[in-house]
């Protein structure tokens, strides 16, 4: 396999408008062949998706998903540029799939890593730096290990970084990019909310034997 240089990745990125990591993967999958890599990106709907990032996406849909049994419900807002696209089946299917993804990922709290508050990141870093398994390691080594752990932790909280439940080979972010490339408009997941039945309610613990005895006494 040909070596994938930074220059080659940059050239493909300028040609297609796809993201750096997508370009690198495309080149790796096609032995460094520029034309085949560009075609690979187009087939996956990734090419030119990143060029749309500067556009305003103020239309779209609020979608929902209720899990079987009605114990978990999700609402999501996904934006696109025009009402016409919001009515397309491909876009509506994306909204449904994103809502289902949120329901399937109870640990996800934010749309992306960029949405996670800096205070939370600093607190997590402080906790990791104080762990016993790092106590005897040099400062620079500790920093690298902690950075890796923090990045992993933040991705666990980020919706866009989750493996897509219907295709574990791509992330939710890649799914959104693919749909954007197919539709021809900028698409962004703006926000979501998850409802779990009974969450936050303090449930009263009842001693079954005492309850039966009390009911028997009343009779």
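Listing for the model above:
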quantity	calculated
As computed over the stretch 6-48, the Cα convex hull volume per residue (Å³)	51 Å³
Sorted by Cβ neighbour density within 10 Å, fewest at the top, the residues 195, 91	195, 91
Angle in degrees between helix 139-157 and the longest Cα principal axis of the chain, rounded to the nearest 10	70 degrees
Modelled label reach - residue 165, point 7 Å along Cα→Cβ, the stretch 107-142 residues with backbone N closer than 14 Å	107-108
Likely footprinting exposure, 78, 102, fewest C-beta neighbours within 10 Å first	102, 78
Ranked packing of 164-173, 25-34, 123-132, most packed first, by mean Cβ within 10 Å	25-34, 164-173, 123-132
Tilt relative to the chain, helix 208-218 - C-alpha long axis, 0 to 90 degrees, to 10	40 degrees
Histogram of C-alpha separations across the stretch 108-211, 5 Å bin width, %	2, 10, 13, 14, 13, 12, 11, 9, 7, 5, 2, 1, 0, 0
Degrees, to the nearest 10: 89-104 long Cα axis against longest axis of the chain	50 degrees
Most fluctuating residue given options 142, 153, 96, as computed from a GNM of the chain linking Cα atoms under 10 Å	142
Per residue, the convex hull volume that the Cα atoms of the stretch 117-157 enclose (Å³)	61 Å³
Distance between the stretch 120-191 and the stretch 51-112 - C-alpha centres, whole angstrom	20 Å
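A short reminder: the numbers here are calculations on the coordinates, not readings from a lab. Bear in mind the structure is a predicted one, so any value in this text is a computation, not a measurement. For neighbour counting, all protein chains shown are included, and Cβ atoms are generated from backbone atoms with ideal geometry for every residue, glycine included.
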